[in-house]
1. When you go through 116, 126 one by one, which is the residue that is at pLDDT below 95, over 22 Å from residue 376 (Cβ atoms) and under 15 Å from the mean Cα position of the chain (by Cα)?
2. Looking at the range 110-119, is at least one residue in a loop (DSSP other than H, G, I, E, B), out of contact with any Phe, Trp or Tyr (no Cβ under 6 Å at 6 or more places or on another chain) and buried (at least 17 other Cβ atoms within 10 Å of the Cβ)?
3. Anything in the range 124-147 that is part of a loop (DSSP other than H, G, I, E, B) and surrounded by 12 or more Cβ atoms within 10 Å (Cβ to Cβ)? List them, or say none.
4. Kindly state which helices (runs of 4 or more DSSP H) lie completely within the range 346-415 and contain at least 2 residues that are surrounded by 22 or more Cβ atoms within 10 Å (Cβ to Cβ).
5. Identify the residue in the range 259-274 that is closer than 14 Å to residue 240 by Cβ and among the β-branched types (Val, Ile, Thr) and, among all such residues, is modelled with the highest pLDDT.
6. Of 419, 424, 406, 362, which residue is among the small types (Gly, Ala, Ser), out of contact with any Gly (no Cβ under 9 Å at 6 or more places or on another chain), more than 27 Å from residue 246 (Cα to Cα) and at pLDDT 95 or above?
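The values are calculated or read from the model by the stated rules, or taken from the named source; none is laboratory data. Everything numeric here is computed off the predicted structure, so don't read it as measured data. No Cβ is skipped: glycine too gets one built from the backbone with ideal geometry, and neighbour counts run over all protein chains shown.
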Amino acid sequence: MDAKAIRTRGGKGEPPRGIRYERKRDALLDAATALINERGAKATTLQAVSQAVELSTTSVTYYFPRKDVLAAAVFERAISRLRAYVDEAAKEKTPHDRVCRLLELHVNLRADVIREDDVPIATLSEVRTLDDPIREPLLRQYIDLFRATRDLWGDFPASHKPLMTARTHLLQETIFWMPVWLARFPIDEFPRVHHQLFDLFEKGLAVPGAQWSPLALPRDADGEPVGDEERGAPNFLGVATRLINESGYRGASVVRIVDELKVTKGSFYHHLDTKDDLILECFRRTFRRISDVQRMAGETGRNQWEHLEATMAYLMDLQFDGEFPLTRTSALQALPADVRTELLARSDRTSLRFGNMLVEGAQEGSIRVVNPLIASQTITAMLNSAYDLRKWANGMERETAIRLYASCLMHGMFADPAAIMGEA
């Protein structure tokens, strides 16, 4: 952070007091956003922010008296910026044009961030790590943002609401996951990336005539044991994964884990040396489970479309069930940098398996031709975020929930809702 951006300047050219205040406040929010995106909200302190902008902690408390007040302001600004993009996109005439415009705005933002012409938006997944008094007002603001985003599709009957909710959820999660992979492309390729991403959302992965009818995989296709009466390491991993998904890395404390399992800390440390060992193993196990399912699906069915269907259906079912889900990669940002680098590399290798399915599927004609890197990362975002749709999925038959959510990517964001809902 350039300290000049937050220092007042004397002399006749000094801006009015109100403008100086806003500039300093914005600079503090910029610094806090960068730290939250790098370390997570719980690990971002007023002292760290003050060091980033070369001010004393006392000076920072003039603007934000407590860390939670600063965190709330960061996330309020993030939601406000996201809402401004949605409002801008809403000016377009059709749902296609609105969704296309929203994606374009976020691709352009990433280009500006890389050029250092703008600052990133705070990662909203960290809101879940905050205490209730701070989190609840932010969640209400996020719900308003979600509804405004869903309105980009225009009016729809109440019977179509589950499908439109699923489409909105995938659109937002794709946008949130975009900073992880978009920087791998040259900036001058960003317009092409935008075009290819929207093409994926517009037309989906399915070739004409393809139907969603996934073949069932064995119950243990992910390599997980069914139950563990002695409450061994797999149980710790299951509880820790749920806590990470719901409260972030720092919310998955040893105390909360042993309390939920009703065991002693001694039992925990009998199986694992440290909490970080547990968190690391949660992620590693998630990637192994996905790979096991991908391999098992590869031995099922006649073509890559059926392999992809079986993989996605099995993994979505895991996420919607919620008992022993996959660990959300959005929690990676709160991990130490060296660990985060390792796990992001493993996440990439998992995505590459999907990419290979897509390439071979295009070659054999069972899957539409798409950019496999973009599509595989979108599949990753889809499967990760399915955990947040548990309540939505519980409101219908599980197979219906899986089919509706899968349709967003398999048949596109604009396929006839009546046909997807089985009304046509």
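1. 126
2. Within the range 110-119 (the criterion being in a loop (DSSP other than H, G, I, E, B), out of contact with any Phe, Trp or Tyr (no Cβ under 6 Å at 6 or more places or on another chain) and buried (at least 17 other Cβ atoms within 10 Å of the Cβ)), the answer is yes, since at least one residue qualifies.
3. As a first pass, look at the range 124-147 and keep what is part of a loop (DSSP other than H, G, I, E, B): 130-131.
Correct list: 130 only.
4. Once the helices (runs of 4 or more DSSP H) in the range 346-415 are filtered for at least 2 residues that are surrounded by 22 or more Cβ atoms within 10 Å (Cβ to Cβ), what remains is 372-385, 398-410.
5. Among those residues, the one meeting the criterion is 263.
6. Just one listed residue meets the conditions, 362.
Residues checked against (1) among the hydroxyl-bearing types (Ser, Thr, Tyr); (2) touching a helix residue (DSSP H, G or I) at 6+ places or on another chain (Cβ under 9 Å); (3) surrounded by fewer than 17 Cβ atoms within 10 Å (Cβ to Cβ):
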site: 56; (1), (2), (3): yes, yes, yes
site: 71; (1), (2), (3): no, yes, no
site: 97; (1), (2), (3): no, yes, yes
site: 122; (1), (2), (3): no, yes, no
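Every residue, every condition in (1) free of Cβ contacts under 8 Å to residues at least 24 places away in the same chain; (2) not basic (Lys, Arg), yes or no:
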{"position": "372", "(1), (2)": "yes, yes"}
{"position": "382", "(1), (2)": "no, yes"}
{"position": "385", "(1), (2)": "no, yes"}
{"position": "391", "(1), (2)": "yes, no"}
{"position": "408", "(1), (2)": "no, yes"}
{"position": "417", "(1), (2)": "no, yes"}
{"position": "420", "(1), (2)": "no, yes"}
